[in-house]
1. Do we have any residue at all in region A:13-32 that's of a type in the set (Gly, Ala, Ser), modelled with pLDDT of 95 or more and within 16 Å of ligand 2 (Cβ to nearest atom)?
2. Only one of these conditions is not met by residue B:249: (1) assigned to a loop (DSSP other than H, G, I, E, B); (2) under 17 Å from residue B:213 (Cβ atoms). Which number is it?
3. Please state which one of B:96, B:122 is within 27 Å of residue B:274 (Cα to Cα) and at pLDDT 95 or above.
4. Do we have residue B:258 as under 25 Å from residue B:148 (Cα atoms) and of a type outside the set (Asp, Glu) here?
5. Please go through region A:107-117 and pick out each residue that is among the β-branched types (Val, Ile, Thr) and farther than 15 Å from residue A:161 by Cβ.
6. Can you find, within region B:143-172, the residue that is nearest to residue B:291 (Cα to Cα) among those that are in contact with a Ser or Thr (Cβ under 6 Å, 6 or more places away or on another chain) and either among the hydrophobic types (A, V, I, L, M, F, W, C) or at pLDDT 95 or above (or both)?
7. For residues that are in contact (Cβ under 8 Å) with a residue 40 or more places away in the chain and surrounded by fewer than 18 Cβ atoms within 10 Å (Cβ to Cβ), tally how many sit in region B:229-264.
8. Go through the residues of region A:68-81 one by one and say whether even a single one is free of Cβ contacts under 8 Å to residues at least 24 places away in the same chain and either assigned by TED's automatic domain parsing to the domain that holds residue A:149 or away from ligand 2 (no atom under 14 Å from the Cβ) (or both).
Amino acid sequence: MANKLITCTINGKKKEYFVDVRSSLMEMLRGSAGLDSVKHGCDVGECGACTVLIDGLPYNSCIYLAIWAEGKTILTLEGLSDVKGAISDIQQAFIDEGAVQCGFCTPGFIMSSIPIITSEHPYGREEIRKQIAGNLCRCTGYVKIVDAIEKTQKKRIRERQES
Amino acid sequence: MYDFKELHEAGSVAEALRLTKEHPGALILAGGSDILIKLREGKLAGCELISIFGIDELRGICLEEDGTILIRPLTSFTAVSTHPVIRQHIPVLGEAVDQIGGPQIRNIGTIGGNICNGVTSADSASTLKAYDAMLEITSAEGTRVLPFAEFNLGPGKVDLRAGELLTGIRIPKESWERTYGHYIKYAMRRAMDIATLGCSVNVRLSADKKKIERLRMAFGVAAPIPVRAHTAESTAEGQPIDEALLTRISEAVIADITPRSSWRASKEFRLHLAKEIALRAVKAAVEKAGGSING
Ligand code: FES
Ligand code: FES
């Protein structure tokens with residue numbers, strides 16, 4: 001089976017991988033790129049555990065061909081920490097609000113929340129729920145996840161207004 | 001790893017047409033939210049694929065000079081629902097596709113893939129049917145234009161012949177101007193679910209907003225393929241708007257649909273649902289159009 005050279009930007013760095021054309025983006029990210037925050041859940045686009053941002057939008061990397069990543073800009077949870085490795089405000093909010101139990105769903109939820117917390121539009125709780133409807137959590141019951149996203153969004157809007 | 005046998009990538013429509021000629025048995029892969037999942041389910045092992053995902057000329061929406069809305073087939077559901085042309089002229093289409101899956105699926109799923117699958121539950125199909133969409137189908141020999149009304153041949157079967165590619169979806173101005181639409185999807189869950197039944201309507205009211213000048217209605221999952229409700233439509237034509245008319249329209253729906261029992265719902269429940277959501281959708285569309293039900 002054919003392999004193909006893929007060049008893309010992952011978490012701010014230009015990367016090249018020689019991938020089997022049959023692999024999913026999830027396999028490329030977990031395998032070649034060693035990014036384990038991209039969780040291998042259902043493999044069929046139902047659970048959102050493998051969510052990454054491609055050119056700023058959330059996608060299920062398990063149902064996205066690795067070869068489609070050519071020229072794209074990809075962000076995974078690893079790309080959220082700063083240069084010193086300190087975690088971001090949204091990750092801290094998940095911890096503070098108790099939105100993490102087993103943690104398997106957490107990277108996917110956090111990636112799905114990025115478009116919300118970086119938006120100018122103040123999302124209400126219902127709108128937040130709609131934006132995370134493609135992510136499943138078997139532990140938390142979702143309330144604390146919505147709390148964490150809502151809190152971070154409000155904090156960022158405040159910070160933008162102050163600066 | 002997906003267990004397909006071979007994958008050919010097309011970078012342009014011309015290349016895709018050449019590839020379909022060279023590999024007549026190959027399946028066309030758009031966003032993959034159907035085919036890649038079927039592969040995971042062990043349904044298409046060993047198949048050959050032609051990926052058209054990289055063909056950017058097949059993305060985008062515009063208003064043509066004569067007022068026709070042109071939607072290129074690889075436009076994602078997210079791009080459809082957020083596009084200014086759709087929001088301004090046929091917001092109901094955006095509202096319908098915004099009810100598909102979750103955000104991740106709406107980013108990868110394409111409107112062309114949705115209708116080329118030929119499934120009756122396609123959320124975009126009933127609205128496109130209700131707006132008399134026209135399909136531009138291209139092959140090496142040229143282009144043919146087919147009314148979407150004639151596209152679905154049977155469950156999962158559409159009128160796309162070997163070597164052909166859907167390259168455009170058009171909604172003529174005559175069809176969308178002065179209309180107000182409403183889509184109701186009945187499903188067990190609010191997200192990530194397939195419709196038990198879907199109904200898309202649009203109305204054009206008389207100048208005094210007292211009469212329905214024209215009603216268009218189409219259903220998903222009310223028959224083996226997405227269907228128009230012509231009986232219900234003609235019941236409404238030129239009629240003064242009141243509760244009695246709404247009841248007559250919803251009763252007329254029964255003549256237009258042939259729902260089946262499935263694990264999601266029985267035939268009887270679907271018939272009941274169809275009448276009820278048709279009534280509610282017409283009511284909502286009339287209200288959006290500025291009309292009111294009782295004078
Ligand atoms: S692992 Fe990708 S959606 Fe579940
Ligand atoms: S914390 Fe366990 S699945 Fe969400």
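The values are calculated or read from the model by the stated rules, or taken from the named source; none is laboratory data. In this text, all values refer to a predicted model and were calculated from it rather than measured experimentally. All Cβ positions, glycine included, derive from the backbone under ideal geometry; neighbour counts span all protein chains shown.
1. Taking region A:13-32 and keeping what is of a type in the set (Gly, Ala, Ser), we get A:23-24, A:31-32.
Keeping just the survivors that are modelled with pLDDT of 95 or more gives A:23-24, A:31-32.
Of the ones still in play, those that are also within 16 Å of ligand 2 (Cβ to nearest atom) are none.
Among the residues of region A:13-32, not one is of a type in the set (Gly, Ala, Ser), modelled with pLDDT of 95 or more and within 16 Å of ligand 2 (Cβ to nearest atom), which makes the answer no.
2. Going through (1) assigned to a loop (DSSP other than H, G, I, E, B); (2) under 17 Å from residue B:213 (Cβ atoms) one by one, residue B:249 breaks only (1).
3. On the way: B:122 fails: at pLDDT 95 or above.
Matching residue, one of B:96, B:122: B:96.
4. Numbers: under 25 Å from residue B:148 (Cα atoms): yes; of a type outside the set (Asp, Glu): yes.
Taking the combined requirement at face value, the residue satisfies it.
5. First, pick out the residues of region A:107-117 that are among the β-branched types (Val, Ile, Thr): A:110, A:114, A:116-117.
Once the filter is applied, which keeps residues that are among the β-branched types (Val, Ile, Thr) and farther than 15 Å from residue A:161 by Cβ, region A:107-117 yields A:110, A:114, A:116.
6. Let us first name the residues in region B:143-172 that are in contact with a Ser or Thr (Cβ under 6 Å, 6 or more places away or on another chain), namely B:163-165, B:167, B:170, B:172.
Checking the rest, the ones that are also either among the hydrophobic types (A, V, I, L, M, F, W, C) or at pLDDT 95 or above (or both) come to B:164-165, B:167, B:170, B:172.
On the way: B:164: 44, B:165: 41, B:167: 37, B:170: 28, B:172: 24 Å.
Among them, the one singled out is B:172.
7. Pass one, region B:229-264, residues in contact (Cβ under 8 Å) with a residue 40 or more places away in the chain: B:229, B:232, B:236, B:241-243, B:246, B:259, B:264.
With the extra rule that they be surrounded by fewer than 18 Cβ atoms within 10 Å (Cβ to Cβ), the set shrinks to B:242-243, B:264.
Result for region B:229-264: 3.
8. Residues of region A:68-81 that are free of Cβ contacts under 8 Å to residues at least 24 places away in the same chain, as a first pass: A:81.
Then drop every residue that is not either assigned by TED's automatic domain parsing to the domain that holds residue A:149 or away from ligand 2 (no atom under 14 Å from the Cβ) (or both), which leaves A:81.
The answer is yes, given that some residue of region A:68-81 is free of Cβ contacts under 8 Å to residues at least 24 places away in the same chain and either assigned by TED's automatic domain parsing to the domain that holds residue A:149 or away from ligand 2 (no atom under 14 Å from the Cβ) (or both).
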